[in-house]
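The values are calculated or read from the model by the stated rules, or taken from the named source; none is laboratory data. Values in this document were obtained by computation on a predicted structure and should not be read as measured data. All Cβ positions, even for glycine, are placed from backbone atoms using ideal geometry, and neighbour counts span all protein chains on display. The accessibility values were calculated without ligands, DNA or RNA, using every heavy atom of the protein model including side chains. Shrake-Rupley method; radii C 1.70, N 1.55, O 1.52, S 1.80 Å.
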Amino acid sequence: MTKTKTKKITLDAKGVYYKQFNETIREKVREGYTDFTLSNVNGQRYIGTALEGDLTFTVEGVPGQDMASFMRGPYIRVKANGQDGIGNTMDDGKVVVEGMVGDVAGYAMRGGRIYIKGDVGYRVGIHMKAYMDHQPIIVVGGKAGDFLGEYMAGGIILLLGMFSGKPDAPLSGRSLGTGMHGGVIYVRGEVPEHQLGPGLHSQPVDSDDLKAIKAIVKDYAKELDLNADEILSEGFTKIRPFSHRPYGNLYVPT
């Protein structure tokens, strides 16, 4: 069987408007290029949006908002920080960010994985949902802002709190999981009850949880050249909703 040769290309983003830059990427995809190095990236938006298939992107610099939105399959590695909206409604693929990330990463994400080494902003993982046989996963190596996992309907968020630039900040901000009605949030260590959104409860992980956590952590550690055993040396807490209709009684009293 003949193996298809990888076609590699480097595209320089310096001074290039985001629309033009994305048009060039798509043009090169149509020409058969599959392995991209994007150099001098400085805020160009929508990188990787709606692209499909076995494509690899190495982003040198800080990509702009909504990178990997609606993406189905590609692999993106960011060698710096990321802005807001990474993985917006992402269907499949993997995003690895070697720094920190802004707000609303993984909004309505339906599949694939987002691995972030550092801290994240507000409302990360909101409206995540499992879609058919897809299970979206977000791993945050640092700390998170308010409303992590807000209105989650499916998927997994793993919050480690280890690789943070905010030593004095709490592990997570206020109202973690507000409106959550599906999926699960795993936290390395514990989260004070007053930081949880209404209708949630925390409990120790069981053997099935630990098996899932170990598999995710091993992949995360491999991607970011970290020590999986060190990450797994601390206990984990599971956060889930009491009900799949957390606000049902507000409108239809029982």
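Select from 49, 34, 24 the residue whose mean-square fluctuation is largest in a Gaussian network model of the chain (Cα-Cα springs shorter than 10 Å). Answer for the Gaussian network model of the chain: 24. Simple rule: put +1 on each Lys or Arg Cβ and -1 on each Asp or Glu Cβ in the chain, find the dipole, and look at 59, 137, 11; the Cα lying farthest toward the positive end is 11. Peptides 5-14, 51-60, 124-133 ranked from most to least packed by the mean count of surrounding Cβ atoms within 10 Å: 124-133, 51-60, 5-14. Comparing 186, 122, 33 in a Gaussian network model of the chain (Cα springs below 10 Å), the most mobile by mean-square fluctuation is 33.
The angle between the Cα long axis of helix 207-224 and the longest principal axis of the Cα atoms of the chain comes to about 30 degrees, rounded to the nearest 10. Report summary: the helix-based calculation at 222 nm, which adds -39500 (n - 2.57) for every DSSP H run with n ≥ 4 and divides by the residues of the chain, gives -4500 deg cm²/dmol.
Compared with the dominant Cα axis of the chain, that is its longest principal axis, helix 18-30 is turned about 70°. For the chain, a crude dipole built from +1 on the beta carbon of Lys and Arg and -1 on the beta carbon of Asp and Glu, taken about the Cα centre, is about 540 debye to the nearest 20.
Considering only 197, 189, 154, the mean-square fluctuation computed in a Gaussian network model of the chain, springs between alpha carbons under 10 angstrom, is largest for 189. Remark: the Cα gyration tensor places the stretch 115-204 in the oblate category, a/c being 1.5 or greater and a/b not exceeding b/c.
Net charge of the neighbourhood of residue 231, taken over other residues with C-beta under 13 Å away and scored Lys/Arg +1, Asp/Glu -1, is -1.
With protein chains left intact and a 1.4 Å probe, residues in the chain average 49 Å² of accessible area per residue.
Sorting 205-216, 159-170 by their mean Cβ neighbour count within 10 Å, with the most densely packed peptide first, gives 159-170, 205-216.
Measuring between their Cα centroids, the stretch 109-172 and the stretch 1-50 lie 27 Å from each other.
With a 1.4 Å probe and all protein chains left in place, how much of the accessible area of the chain comes from carbon and sulfur atoms, in whole percent? Using a 1.4 Å probe with all protein chains present, the chain comes out at 48 percent carbon and sulfur.
Bridgeable aspartates and glutamates around residue 222 (alpha carbons under 14 Å apart, same-chain partners fewer than 8 residues away excluded): 98, 230.
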